[in-house]
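Please treat every number below as a calculation from the coordinates, not as lab data. Since the model is a prediction, treat every value here as computed from it, not as a measurement. Note that each Cβ is placed from the backbone with ideal geometry, even for glycine, and that neighbours are counted across all protein chains shown.
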Amino acid sequence: MGFKRNSSVKIPSKQFNARNFSTSKSSTNVNPWFWTGLIDAEGSFSIIIKRNIKRTLGWQVESKFQIGLDKNDISLLLQLQEYLGGIGAIYKYPTRNIVNYSVSSVKDMLILISHFEQYPLLTQKAGFV
């Protein structure tokens, strides 16, 4: 039994013209399906449960979205953050060659989810958002 959509889905790769793309351009020039494709390929969604004695029940539950890329692709993550209205944070790791974009607040997660309502994920990750 697979996941089915009732709406037609355009193929993002057919909409993205690599010759016209530059990471120095504003994210408003990037087709929103490109962001969905990048997140589908490189993003991850997590639910984190950890002990926290300051909480009433002694536990804390946190939802988290992350996407990590090579440090040379930081401008792409900055554009994604700009496209999503500035939500989340970008972390640079001085001892590793990666940068990480992370969204964890419930309010910010709702902004991310609204993007996926218009431009749904196409892989199995779609069942988790």
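A few points about this structure:
- In the range 58-122, Cα pairs under 8 Å separated by at least six residues give a relative contact order of 36 percent.
- The range 54-95: trypsin sites (Lys or Arg not before Pro) in DSSP loop, at most 13 other beta carbons within 10 Å: 54, 55
- The range 29-128 shape via C-alpha gyration tensor axes, a/c threshold 1.5: oblate
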